[in-house]
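The next block holds one structure in the form of structure tokens; read it before the comments.
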Amino acid sequence: MSDETHDARHGWGRFRFRPLSVAMMAVVWVILWGSITPMIVVGGILCAYLITVVFPLPSIHWGGRFRPLWFISLAAHLLKDLVVSSVRILQLAFERKVNLNAGIIRVDLASDHDLYQVQVAQVISLVPGTVVVEVVRHPRRLYLHAIDLVGDDPVARIQAMVHRVESRVVHAFGSRGEIVAFEAELERLTEAERLKKLPVDEAPELEDDES
């Protein structure tokens, strides 16, 4: 733990007012109450500030850049996924014989940042029918519970969906270097998955080094 993080969590730094964190938690507080009154808003702000003091989190160093167009694309695709998934859930609810075809799917992420991993997990969990059940930091990996796993290679379909979400997140918030590294790692992961599906007789053979 760095000296800066230690001071923030154990010294006077923990009493610093963090407007973004307090605002986000206050919004959640108001939503839970279901109404907006001066008392509820003030109570949410005080409660949120108390949480940041009692349970301070280590700071996340973000060296990326916010790109509005990519953020709009991320939000638009999320809205589309919400509508499509909600309609599919509604169809499953009214079927006479319900078969969810559910399963747990592992997805290896191509980015290497706590912030992007959390954002991807949150976006995926917002979509009805998919929920992140476990987050692995090393290596970067998500385990998802998904339903409606039907059709040709449904596992690859879910993995591709997660990688599309991850791509939008990284392009919306990442630096140029992070985007280049993400695309290179994603290409490597895609090629590795392709090789796994090849028949044994078609898989590339490793040449023996002759010394």
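The values are calculated or read from the model by the stated rules, or taken from the named source; none is laboratory data. What you see is a predicted model; the values in this text were computed from it and never measured. Every residue, glycine as well, gets a Cβ built from its backbone with ideal geometry; the counts of neighbours run over all protein chains shown.
Any residue in region 155-168 that is free of Cβ contacts under 8 Å to residues at least 40 places away in the same chain, under 21 Å from Lys80 (Cα atoms) and of a type in the set (Lys, Arg)? Scanning region 155-168 turns up at least one residue that is free of Cβ contacts under 8 Å to residues at least 40 places away in the same chain, under 21 Å from Lys80 (Cα atoms) and of a type in the set (Lys, Arg).
If you go through region 92-126 and keep only what is among the polar types (S, T, N, Q) and either without any contact (Cβ under 8 Å) to a residue 40 or more places away in the chain or under 19 Å from His138 (Cα atoms) (or both), you end up with Asn99, Ser111, Gln117, Gln119, Gln122, Ser125. When Ser35 is tested against (1) in a helix (DSSP H, G or I); (2) closer than 29 Å to Val131 by Cβ, exactly one condition is not met: (1).
Which count do you get for residues in region 169-188 that are assigned to a helix (DSSP H, G or I) and surrounded by fewer than 16 Cβ atoms within 10 Å (Cβ to Cβ)?
The total comes to 7.
What number of residues within region 61-88 satisfy the criterion of being surrounded by fewer than 14 Cβ atoms within 10 Å (Cβ to Cβ) and modelled with pLDDT of 90 or more? Even if it seems obvious, please write down each step before you answer.
Pass one, region 61-88, residues surrounded by fewer than 14 Cβ atoms within 10 Å (Cβ to Cβ): 61, 63, 65-66, 68-69, 72, 75-76, 79-80, 82-84, 86-87.
Now drop any that are not modelled with pLDDT of 90 or more, which leaves 65-66, 68-69, 72, 75-76, 79-80, 82-84, 86-87.
The qualifying residues number 14.
Taken over region 130-153, the criterion of being free of Cβ contacts under 8 Å to residues at least 12 places away in the same chain and either within 18 Å of Arg88 (Cβ to Cβ) or not β-branched (Val, Ile, Thr) (or both) is satisfied by Glu134, His138, Gly151, Asp152, Asp153.
Scanning region 144-156 for residues that are out of contact with any helix residue (DSSP H, G or I) (no Cβ under 8 Å at 6 or more places or on another chain) and exposed (fewer than 15 other Cβ atoms within 10 Å of the Cβ) gives Val150, Asp152, Asp153, Val155. Residue-level check: of (1) modelled with pLDDT under 90; (2) under 16 Å from the mean Cα position of the chain (by Cα); (3) under 30 Å from Asp148 (Cβ atoms), Val123 misses just (1). Each residue in region 29-67 was checked for being under 30 Å from Phe182 (Cβ atoms) and either more than 23 Å from the chain's Cα centre (by Cα) or free of Cβ contacts under 8 Å to residues at least 40 places away in the same chain (or both), and 2 pass.
State all residues of region 96-118 that are closer than 21 Å to Val155 by Cα and part of a helix (DSSP H, G or I); if no residue qualifies, say none. Steps first, please.
From region 96-118, those closer than 21 Å to Val155 by Cα are 98-111, 117; that's our starting set.
The one that is closer than 21 Å to Val155 by Cα and part of a helix (DSSP H, G or I): Gln117.
Asp3: modelled with pLDDT under 85 and in contact with a helix residue (DSSP H, G or I) (Cβ under 7 Å, 6 or more places away or on another chain), yes or no? Explain how you work it out, then say what you get.
On the way: modelled with pLDDT under 85: yes; in contact with a helix residue (DSSP H, G or I) (Cβ under 7 Å, 6 or more places away or on another chain): no.
Answer is no for this residue.
Restricting attention to region 74-95, the residues being more than 15 Å from Val123 (Cα to Cα), part of a helix (DSSP H, G or I) and among the hydrophobic types (A, V, I, L, M, F, W, C) number 5.
Just one of Gly43, Gly63 is assigned to a helix (DSSP H, G or I) and over 23 Å from Ala146 (Cα atoms); which is it? Full working, then the answer.
Working: Gly63 fails: assigned to a helix (DSSP H, G or I).
Result: Gly43 is the single residue among Gly43, Gly63 that is assigned to a helix (DSSP H, G or I) and over 23 Å from Ala146 (Cα atoms).
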